[in-house]
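To keep things clear, I will list the structure first and then write my remarks on it.
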Amino acid sequence: MMNQKTPWERMEIIRRKERPTINDYIPLLFDEYFEMHGDRLFGDDCAITGGIASFKGRPVTVIAQVKGRNINENKACNFAMPHPEGYRKALRLARQAEKFHRPVLCFIDTPGAFCGVAAEERGQGEAIARNLFEFVGIKTPIISVVLGEGGSGGALALGVCDELAMLENALYSVISPRGCASILWKDASREKEAAEMLKITAEDLVGFGVVEAVIPEANGDAATGPEETAEQISQYLYKTIEKLSKIDIDLLLDSRYNKFRKIGVYSEG
Amino acid sequence: MLEDLFKIVKTRSAQEPKVPGSKVNIPSNLLFKCPRCGKVMFAEDFEAAKKVCVGCSYHARLTASERLEITADKNSFEEYDADLQSVNPLGFAQYDAKLEELRKSTGLNDAVVTGECTIRGSRCAIGVMDSRFMMASMGSVVGEKIARLFERAAEKKLPVVIFTASGGARMQEGIISLMQMAKTSAAVARHSAKGLLYITVLTDPTTGGVTASFASLGDIIIAEPKVVVGFAGRRVIEGTIRQHLPDDFQSAEFLLEHGFADMVVGRDKMRRTLSHLIRLHTKEGA
Ligand SMILES: [Zn+2]
């Protein structure tokens, strides 16, 4: 299976309103899902859902960015752009998973962390930084899956994990192609070109050692078969949880550290 | 919204301050015009004041060598990893040329200088970012040097002091630059787990991916007066809410008020503050 689509074609696929979201996948992946609310500090952020689920008879903690399918759903979840309290809820739930020795499953699907006055007042930068700092040491397996858009630091805050997977059309980038084009050429309309330059597809990221697995979508587009795509995600998760659960926790934390530690391209001497 | 990681705030006020007496014909390189309050000073007086505005106490940007000069004890600084250089992993247009030009004009290999020094006799590992080099954006070299700084400090049981400044992630290195946020934060975590001290000094401007990683992770977070610190770009937020934000939005003082900095410390007291804090974390104590 080789995905022949250009980065731009994939971008169009993941932006379509028919693209399945975490709300479609949760009932297909889990027998039960109890949603948990709030960061215990400020409030509850609906751009991130989190809770405890039963996955093939095993308890797991789920943390996911929520996209909507229409304007009302998107208003309710702030277009999947979390505020600091969303990231702090995620950290609270990951700590809870660590206490009860259950794996953490993160699902990434965001254009980025929200940029606004309230987000700055409540420390958006600190909230993301804290997750990067803490997740690297959480003593339980963590698996992250990029479902659609992986937008920069706001995605990475749920992306410090033992294994990162991407759906075959998902994209993960440091900046939106549009933003890149407007900085580079002062012309946002050249976003197609920027999408090529930025190297943001699942295959690109496997090449950089950032992503471990690519999950196939039904008929090359998840929207044509959410059940079949969920089944592919489920198989990947099952296999990976089995594998990671057998590894001694100190070894797992070392290899999580090294997964990120070794990323970088430079010359020396 | 992602582009906000890269936006630099150039002015604090709605209107560009007018240079008073601009009819007087003085070459502009002999003058400093404060970007915050518009005050004009002779370059000589501005240098003598350690690049602090006498009008509003805005602490202007320093080069890495100027910072080390006023921070480290004389001849105490030993540099780490000076020869690390950025390459162009994505084959990004014009990136090589830009790097080459900046290496020449700044004399630096990239946007951070790291090493070891003493501050009034207290030994520490130190990192200083230099905004002249691609707005001190974080690519592989910045990430690697910061990670090595923390790893070496952990090995030698040294505290770490970092003077941060950055426009965010380095777009030209794509996803690799984003991953430096995780890499540096992980290195901070390992140093921290050994019970060692990390002090962040936020300088002008600290934004984007650096704010969202190691800059926000100090045990103690100090900011210089009037500097810009934030996650998103001011103009992007203003564009979204269609309102002008107050001048002190995302300033050092804003951070202090909202609980994201421990203290705002002027340049004249920085050496004293750092050395005392380091000493309070040693066995000998105060
Ligand atoms: Zn001033």
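Laboratory data are not the source of any read-out in this text; all were calculated from the coordinates shown. Bear in mind that the values here come from a model prediction, so they are computed numbers and not experimental data. Glycine gets a Cβ as well: all are built from the backbone with ideal geometry, and neighbour counts include every protein chain shown.
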*At what distance in angstrom do the alpha carbon centres of region B:32-61 and region B:119-176 lie from each other?*
26
*Which ³J(HN,Hα) values in Hz, rounded to whole numbers, follow from the phi angles of region A:250-264 under the Karplus curve 6.51 cos²θ - 1.76 cosθ + 1.60, where θ = phi - 60° and Gly and Pro get x?*
5, 5, 4, 5, 5, 6, 5, 4, 5, 3, 8, 4, 8, 7, x
*Of B:ILE146, B:ILE222, B:VAL160, which is farthest along the charge dipole of region B:105-228 in the positive direction, counting Lys and Arg as +1 and Asp and Glu as -1 at C-beta?*
B:VAL160
*Count neighbours as other Cβ atoms within 10 Å of each site's Cβ, and list the GluC sites (Glu not before Pro) in region A:1-91 that are DSSP loop with at most 13 such neighbours.*
A:GLU18
*Using 0.36 nm per residue, how much length does the chain from A:GLU18 to A:LYS262 gain when fully extended, once their Cα-Cα distance is taken away?*
84.1 nm
*Shape category assigned to region A:1-65 from the gyration tensor of Cα positions, a/c cut at 1.5*: oblate
*By the gyration tensor of its Cα atoms, with a ≥ b ≥ c the square roots of the eigenvalues, what is the shape of chain B: rounded for a/c under 1.5, prolate for a/b over b/c, or oblate?*
rounded
*Please identify every one of the trypsin sites (Lys or Arg not before Pro) in region A:159-267 that sits in a loop by DSSP and has no more than 13 other beta carbons within 10 Å of its own beta carbon.*
A:LYS186, A:LYS246, A:LYS262
*Once amide H atoms are placed 1.01 Å from N in the peptide plane, what residues at a sequence separation of 5 or more from A:MET36, or on another chain, have their amide H within under 5 Å of its amide H?*
A:GLY50, A:GLY51, A:ILE52
_Unit Cα scatterers, Debye sum, the protein assembly as shown: log10 I(q)/I(0) for q = 0.08 Å⁻¹_ = -0.51
_Estimated inter-spin distance, B:LYS283 and A:ASN3, nm [label 7 Å along Cα→Cβ]_ = 5.6
_Calculated FRET efficiency for the pair A:SER255/A:SER54, C-beta based, R₀ 35 Å, to 0.05_ = 0.80
*Cα-centre dipole for the protein assembly as shown with unit charges at Cβ (Lys and Arg positive, Asp and Glu negative), debye to 20*: 1400
*Compute the semi-axes of the equivalent ellipsoid of chain A, taking the square root of 5 times each eigenvalue of the Cα gyration tensor, and list them largest first in whole Å.*
26, 21, 21
*Please label the shape of region A:1-149 as rounded, prolate or oblate, based on the square roots a ≥ b ≥ c of the eigenvalues of the alpha-carbon gyration tensor (a/c under 1.5 means rounded; beyond that, a/b larger than b/c means prolate, else oblate).*
oblate
*Relative frequency of Cα-Cα separations exceeding 23 Å in region B:176-286, percent*: 38
*Find which of A:ALA76, A:ALA188, A:TYR257 sits farthest along the positive direction of the dipole of chain A, computed with +1 on the beta-carbon of Lys and Arg, -1 on that of Asp and Glu, about the Cα centre.*
A:TYR257
_Per-residue ³J(HN,Hα) for region A:73-78, Karplus 6.51 cos²θ - 1.76 cosθ + 1.60, θ = phi - 60°, Hz, x for Gly and Pro_ = 4, 5, 5, 5, 9, 6
*If the label point is 7 Å along Cα→Cβ of B:GLU238, which residues in region A:106-136 have backbone nitrogen under 16 Å from it?*
A:116-117
*Non-local amide H neighbours of A:TYR172 (under 5 Å, H modeled in plane, Pro and chain starts lacking H): which ones?*
A:GLY150
*region B:203-286: GluC sites (Glu not before Pro) in DSSP coil with no more than 14 other Cβ atoms inside 10 Å*: B:GLU284
*So what are the ³J(HN,Hα) numbers for region B:244-250, from phi and the Karplus equation (6.51, -1.76, 1.60; θ = phi - 60°), rounded to whole Hz, Gly and Pro as x?*
7, 8, x, 4, 8, 4, 6
*asked:* Give me the inter-chain shielding for A:100-108: mean count of other chain Cβ atoms within 10 Å, whole number please.
replied: 0
